[in-house]
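Following: one structure in structure tokens, then a few remarks.
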Amino acid sequence: MNKKIYISAIMLIFAFLAAGNCSKVKTVAADTQLVENPGEKKPVNVVNGKIKRGEYVKQLEEKEIGGTKFVLVQVEGVSTKGWMDVKNLKEGKVQSVTVTTDTDLFSRPNEKSDKTGTVKAGQVAFKLEESGNFVMIQFPGKEGFVMKSALGSADAVVKSITMPVLGKAILSASSQFSGGEGKELEFDARNIFDGSLQTGWCEGKNNDDGVGETVSLSFENAITLKKILVVNGYAKSESNYAGNNRVASLKVTGNFGGENIIELKDNVYDYQEFELNQPVSGKVINFIINGVHKGKASDTCIGDIKLEGGTYIDREMGDGEGDRH
């Protein structure tokens, strides 16, 4: 074979392989905006070019600008095309998994390796690889190995918290606003018991103000509540506070008895304190949205709740109520 023809054939083969590689379907690993002019100071956004974590795209072309590699992609199922940073892509159609219980994140598939953090129950993550009894997962801001036994279906998720004096409780919410894949815990109901004003729970019932939406605590042992402190709204900032509904009226009940309706002032960015008129007792304590202060969006949020009470002892046993703290 002529040498020139041989070299040309090799080049064609490499070009074909490269083209085939570029057309592979990939998974978007972080919310991003497609642009028409990658690397420029004033990016021009592609119309309808916002793509979410978990969507699939086909890579068409790539180039490097100023040390950053950009790829031209087409969103699966539509004709929308644009450029994005290659770091926001994962190879192939990556499977999502759900963490069902709070668990440790390890640097390697070994319980003796460094713990790099924890993952909360309810987190949805990308499954990157398996190694024995471990799975490597990735979610916004974190990547590492967890035990396979910590993964399962969304129905198997168990969310728990532990409070001083009152003990451990399983927490559930009638609804929850979701920020999208990977951000399932951004407005999780556990946020209202974490002591931080930078987090909160926002109900996620569609097309109404969330009146009747409920957060419930199921304690291992019955308790009695005497006082409740509440940070109203999503108090992370004034704009976040005004952007969502706040609670105007909150009903607090227990399955052993006691019902209180507390009225919350608006535009208060700190704890509002309430002595309960009727002690609320039981293993299950409910916090029910009973009325709202209107915000720009219809989702109703609570920033934080602190509970003061103690153990409950059945009066019929002749022991009275336990000590309160």
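Every number in this text was worked out from the coordinates using simple rules, so none of it is lab data. Treat the numbers as computed from the prediction; the structure is a model and nothing was measured. Counting neighbours? That spans all protein chains shown, and the Cβs are built from the backbone with ideal geometry, glycine included.
Residues whose amide H comes within less than 5 Å of that of Lys168, counting only those at least five positions distant or on another chain, are Met163, Glu220 (H built at 1.01 Å from N in the peptide plane). Couplings 3J(HN,Hα) of the range 159-172, computed from phi: 9, 10, 9, 10, 10, x, 6, 7, x, 8, 9, 8, 10, 9 Hz, in residue order, whole Hz [Karplus 6.51 cos²θ - 1.76 cosθ + 1.60, θ = phi - 60°; x for Gly and Pro].
Under 18 Å of direct C-alpha separation, and excluding same-chain neighbours fewer than eight residues apart, Lys50 reaches these lysines: Lys26, Lys42, Lys58, Lys81, Lys87, Lys90, Lys183. Distant-in-sequence amide contacts of Lys227, defined by a placed amide H-H separation under 5 Å and a gap of 5 or more residues or a different chain, comprise Leu276, Glu308.
Diffusion of the chain by Stokes-Einstein, at 20 °C in a medium of 1.002 mPa s and with Rh set to the Kirkwood radius over alpha-carbon pairs, works out to 93 µm²/s.
Computed over the chain, relative contact order equals 12 percent, with contacts defined as Cα pairs under 8 Å that lie 6+ residues apart. Rounded to whole numbers, the Karplus 3J(HN,Hα) couplings from phi for the range 110-126 are 7, 5, 8, 6, 4, 8, 9, x, 10, 10, 7, 4, x, 6, 9, 9, 7 Hz, using 6.51 cos²θ - 1.76 cosθ + 1.60 with θ = phi - 60°, and x at Gly and Pro. Simple rule: put +1 on each Lys or Arg Cβ and -1 on each Asp or Glu Cβ in the chain, find the dipole, and look at Ile302, Val135, Ala248; the Cα lying farthest toward the positive end is Val135. Cβ crowding within 10 Å ranks Arg246, Arg190 as Arg190, Arg246, fewest other Cβ atoms first. Ignoring lysines fewer than eight residues from Lys112 along the same chain, the ones with Cα atoms less than 23 angstrom from its Cα are Lys120, Lys127, Lys142, Lys148.
Each Lys and Arg contributes +1 and each Asp and Glu -1, all at the Cβ; summed about the Cα centre of the range 147-252, the dipole is approximately 420 debye. Charging the Cβ of each Asp and Glu at -1 and of each Lys and Arg at +1, and nothing else, the dipole of the chain about its Cα centre rounds to 1660 debye.
From least to most packed, judged by other beta carbons within 10 angstrom and beginning with the fewest, Lys283, Lys159, Lys168 follow the order Lys168, Lys283, Lys159.
Under a Cβ-Cβ cut-off of 13 Å, what is the net charge of the residues other than Lys81 that fall near it, where Lys and Arg count +1 and Asp and Glu count -1? Around Lys81, the charge tally is -2.
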